[in-house]
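The values are calculated or read from the model by the stated rules, or taken from the named source; none is laboratory data. Predicted, not measured: the structure shown is a model, and the values here were computed from it. Cβ: placed from backbone, ideal geometry, glycine included. Neighbour counts: every protein chain shown.
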Amino acid sequence: MAQALIAVKNLIKTYKMGDTEVHALRGVSLEINSGDYTAIMGASGSGKSTFMNIIGCLDKPTSGEYYLDGIDALKMDRNQLAEFRNQKIGFIFQSFNILARTSALENVELPLVYNNKVGAKERKERAMKALTSVGLATRVYNMPNQLSGGQQQRVAIARALVNDPVVILADEPTGNLDSRTSYEIMDIFQELNEKGITIVMVTHEPDIAQFAKDNIVFRDGSIISNNKVADRKYAAEEIKKLPAPDLVDVK
């Protein structure tokens, strides 16, 4: 049997808040395989963000095991983890997290600046390729204030792709976007996944979760369901059902 790309076993995360203990994760075990596209859902405080922070190597559990790409992520020190994150994980956030005074190209190049195996020429070539893959070939020198919200999120996706990560972790990637732009981002995600890229996405929107292959629901620090999406939606088809952009009311 193939080794899982992400394997967590009995993850427990407990926070101390004064005299109170908060149990953010209560023995979570889960495997995500290479090529999966998983949406993680749950109410605020359900544990989904804590779980994403741990698999993103941004936090460590109180106890449990976590292997990413066959490597024990919990045995690394801070510097090793930083390098590991940069090599293995691409992050996409709700607020885009791109630098305001830096061009699209320079934003996408940023993860490669910390990769001493990549020179300036290759860095630019890889950033251009990533931007082209998300439909921004003509916008590479634009500053963020010259880009729409959807275009800024595409820059963030390109930045997540540029280091050829083994997994993309997306935290509410459509949270600040309108329906059409959200579906366009989901279309990019589905295209990337068809090419074999593994995606784990947190979303509170059930319709966005329908674009994934699997839905996992957290409640009170535990996984309460983990199911294949029965009626999976395809973003390219959903976009066709929307009103033409020039007919959309601006409010």
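Scanning segment 108-160 for residues that are among the polar types (S, T, N, Q) and closer than 28 Å to Gln80 by Cβ, we see that the one that is surrounded by the fewest Cβ atoms within 10 Å (Cβ to Cβ) is Asn116.
Output yes when any residue across segment 91-108 is in contact with a Lys or Arg (Cβ under 8 Å, 6 or more places away or on another chain), of a type in the set (Gly, Ala, Ser) and either touching a residue at least 24 places away in the same chain (Cβ under 8 Å) or in a helix (DSSP H, G or I) (or both), and no when none is. Yes, the conditions are met somewhere in segment 91-108.
Ser103 fulfils the conditions (1) among the small types (Gly, Ala, Ser); (2) at pLDDT below 90; (3) crowded, with 16+ Cβ neighbours inside 10 Å except for a single criterion, (2). Consider Asn115 carefully, then state whether it is polar (S, T, N, Q), in contact with a Leu (Cβ under 7 Å, 6 or more places away or on another chain) and part of a loop (DSSP other than H, G, I, E, B). No; evaluated as a whole, the condition is false for this residue.
Among the numbered conditions (1) over 13 Å from the mean Cα position of the chain (by Cα); (2) assigned to a helix (DSSP H, G or I); (3) among the small types (Gly, Ala, Ser), the only one that Gly135 does not meet is (2).
Could you please let me know if Ala130 is in a helix (DSSP H, G or I), among the small types (Gly, Ala, Ser) and closer than 26 Å to Ile71 by Cα? It is false that Ala130 is in a helix (DSSP H, G or I), among the small types (Gly, Ala, Ser) and closer than 26 Å to Ile71 by Cα. Is it the case that Asn176 is more than 12 Å from the chain's Cα centre (by Cα), surrounded by 15 or more Cβ atoms within 10 Å (Cβ to Cβ) and more than 17 Å from Ala39 (Cβ to Cβ)? Here the answer is yes, as Asn176 does meet what is asked. Applying the set (1) aliphatic (A, V, I, L, M); (2) part of a loop (DSSP other than H, G, I, E, B); (3) over 15 Å from the mean Cα position of the chain (by Cα) to Ala212 leaves exactly one unmet item: (3). Looking at Arg78, Arg26, just one residue is more than 19 Å from Ala156 (Cα to Cα) and modelled with pLDDT of 95 or more, and that residue is Arg26.
Scanning segment 44-55 for any residue that is of a type in the set (S, T, N, Q) and more than 17 Å from Ile223 (Cα to Cα) turns up nothing. Consider Glu31 against the criteria (1) over 20 Å from the mean Cα position of the chain (by Cα); (2) farther than 30 Å from Gln146 by Cβ: it satisfies all of them except one. Which criterion is unmet? Condition not satisfied by Glu31: (1). For segment 70-98, filtering for residues that are basic (Lys, Arg) and buried (at least 17 other Cβ atoms within 10 Å of the Cβ) leaves 2.
Total residues in segment 118-146 satisfying the condition of being within 26 Å of Val200 (Cβ to Cβ) and not hydrophobic (A, V, I, L, M, F, W, C): the figure is 6.
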